[in-house]
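So the structure is just underneath, and the comments pick up after that.
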Amino acid sequence: MLILMKIGATAAQIDEVCSIIRARGVEPLVLPGEPRQAVGIPSSLSQDQRIDLESALGRLDSVSKVTQTSSPFKLASREFHPTPTHVTVKNVTFGADDFVILGGPCSVESYEQFRASADLMLASGATVLRGGAFKPRTSPYAFQGLQLEGLKIIKQVGEETGLVTITEVMAADMVETVAEHADILQIGARSMQNFPLLIEAGKSGRPVFLKRGPSATIDEFLLASEYVLNQGNPNVILCERGVIALDKTYTRNTLDLNAVPVLKELSHLPVVVDPSHGTGHARYVAPLAKAALVAGADGLMIEMHPDPREALSDGSQALDPDQFATLMTELKVLSGYVGRKI
Ligand code: PEP
Ligand code: MN
């Protein structure tokens with residue numbers, strides 16, 4: 001439910017609305033806005049509660065309108081938060097004018113490999129360094145990541161270069177440890193509906209980079225973000241990384257670029273696209289990366305490797321240093337046409 005206040009409603013009048021809501025055992029959320037403020041009720045209400053609140057609030061002079069929200073997600077929705085959310089991590093802001101590039105290898109493999117990747121990021125203008133320490137692999141026999149040693153490398157390289165760092169956290173009880181070593185917590189596609197993990201990431205207050213599950217609908221994706229947001233953590237970045245492909249012959253997943261304008265319309269959260277997992281092949285990454293920028297994404301997550309042939313995971317989709325540098329040059333030119341900065 002959304003209570004739109006009249007233009008010029010005073011703080012005391014908003015307090016009055018909040019106390020009427022609280023008196024019914026429901027927590028209100030004050031939504032600042034220009035020229036009109038609003039009060040939202042994120043929780044689901046019973047029919048009786050709705051009717052009771054509608055009549056209690058509709059009677060007030062300060063209230064312009066009481067409406068039912070149409071979406072199942074509340075805190076993530078534009079209705080509750082009409083202006084875009086900016087998520088700032090050190091010197092990087094997602095969701096504003098900057099088009100943010102998160103680049104780096106699929107897995108952290110050694111200090112040398114990760115530091116070389118970081119230097120390539122710095123040279124090309126990417127601002128966030130990615131690398132997995134805990135890897136969600138389909139096979140338990142595949143490389144699982146350097147784990148704690150990988151986290152230490154991420155922290156060291158982040159400190160040496162000043163780049164913002166991001167890495168995946170796979171389990172709720174690892175949130176604290178991962179947050180001690182990296183700036184942004186990545187929740188992988190396979191974990192999108194690991195609700196205890198989402199709650200713990202929410203409680204940490206750290207920026208959360210939430211990847212869309214391979215078969216998740218848009219509503220399921222936004223409801224997953226709601227688990228983080230309703231822990232009082234507004235720093236959520238959504239990432240479209242491809243959904244299950246109808247035809248896996250040519251691409252690993254199907255990058256759902258429809259999701260970009262749809263998510264931007266439904267939600268105020270920043271949206272990043274990952275064309276590496278979205279396609280699974282290095283040669284398709286650049287065209288989809290450019291399409292994502294033009295479609296209105298707020299950034300890109302791109303896998304690159306100093307020597308993709310030697311990569312311990314996802315080598316076939318990793319750009320080599322030249323391919324990465326070329327793509328960055330093209331993106332910088334293109335960003336000017338769509339009013340973004342890299
Ligand atoms: C990754 O970013 O390396 C990764 C495992 O991504 P996803 O969760 O999208 O498969
Ligand atoms: Mn990967």
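The values are calculated or read from the model by the stated rules, or taken from the named source; none is laboratory data. Nothing here was measured: the structure is a model prediction, and the numbers come from that model. Cβ coordinates were reconstructed from backbone atoms using ideal geometry, including for glycine residues, and neighbour counts include every protein chain displayed.
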Problem set entry | Hey, A295 closer than 22 Å to L263 by Cα and more than 13 Å from ligand 2 (Cβ to nearest atom) or not | yes
Seminar exercise, completed: Taking region 309-321 and keeping only residues that are away from ligand 1 (no atom under 12 Å from the Cβ) and within 15 Å of P275 (Cβ to Cβ), one is left with S316, L319
Seminar exercise, completed: Residue hits (region 201-219; surrounded by fewer than 21 Cβ atoms within 10 Å (Cβ to Cβ) and assigned to a helix (DSSP H, G or I)) are K203, S204, I218, D219
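Can you tell me which of S62, S55 is more than 31 Å from the chain's Cα centre (by Cα) and crowded, with 16+ Cβ neighbours inside 10 Å?
Values: S55 fails: crowded, with 16+ Cβ neighbours inside 10 Å.
Checking each option against the conditions leaves just S62.
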Exercise. Quick one: how many residues across region 316-341 are among the hydrophobic types (A, V, I, L, M, F, W, C) and either within 16 Å of ligand 2 (Cβ to nearest atom) or at pLDDT below 95 (or both)?
Worked result: 3
Problem set entry | Residue selected from region 236-269 under the condition assigned to a loop (DSSP other than H, G, I, E, B) and touching a Lys or Arg at 6+ places or on another chain (Cβ under 9 Å), by the criterion nearest to ligand 2 (Cβ to nearest atom) | R241
Exercise. Pairs under 7 Å by beta carbon, first residue closer than 18 Å to P270 by Cβ in region 203-225, partner surrounded by fewer than 19 Cβ atoms within 10 Å (Cβ to Cβ) and β-branched (V, I, T), six or more apart or different chains?
Worked result: I218/V262
Seminar exercise, completed: The one condition S313 fails out of (1) within 13 Å of ligand 2 (Cβ to nearest atom); (2) not in a loop (DSSP other than H, G, I, E, B) is (2)
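From the set of residues in region 29-39 that are surrounded by 14 or more Cβ atoms within 10 Å (Cβ to Cβ) and either at pLDDT below 90 or in a loop (DSSP other than H, G, I, E, B) (or both), which is farthest from the chain's Cα centre (by Cα)? Don't jump to the end; show me each part of the working.
Taking region 29-39 as the starting set, the residues that turn out to be surrounded by 14 or more Cβ atoms within 10 Å (Cβ to Cβ) are 29-31, 36-39.
Filter once more, keeping what is either at pLDDT below 90 or in a loop (DSSP other than H, G, I, E, B) (or both): 29-31, 36-38.
On the way: L29: 22, V30: 23, L31: 21, R36: 28, Q37: 26, A38: 25 Å.
It comes out as R36.
I need the strands (runs of 3 or more DSSP E) fully contained in region 46-158, keeping only those with at least 2 residues that are within 16 Å of ligand 2 (Cβ to nearest atom). Spell out how you get there, then give the answer.
Numbers: elements: 63-67, 87-89, 92-94, 100-104, 128-130.
Ranges flagged: 100-104, 128-130.
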Problem set entry | Filter result for A116 (in contact with a strand residue (DSSP E or B) (Cβ under 7 Å, 6 or more places away or on another chain) and closer than 27 Å to L327 by Cα) | no
Exercise. Of the numbered conditions (1) buried (at least 24 other Cβ atoms within 10 Å of the Cβ); (2) in contact with a helix residue (DSSP H, G or I) (Cβ under 6 Å, 6 or more places away or on another chain), N233 satisfies every one except a single condition; which is it?
Worked result: (1)
Exercise. Looking at region 295-307, is at least one residue surrounded by fewer than 24 Cβ atoms within 10 Å (Cβ to Cβ) and within 21 Å of T93 (Cβ to Cβ)?
Worked result: yes
Seminar exercise, completed: All-but-one check, H281 against (1) more than 16 Å from ligand 2 (Cβ to nearest atom); (2) within 19 Å of G104 (Cα to Cα); (3) of a type outside the set (S, T, Y), failing number (1)
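Might you check whether a residue that is in the same structural domain as L210 (by TED's automatic domain parsing), within 24 Å of Y227 (Cβ to Cβ) and away from ligand 1 (no atom under 15 Å from the Cβ) occurs anywhere in region 99-120?
Looking through region 99-120, at least one residue is in the same structural domain as L210 (by TED's automatic domain parsing), within 24 Å of Y227 (Cβ to Cβ) and away from ligand 1 (no atom under 15 Å from the Cβ).
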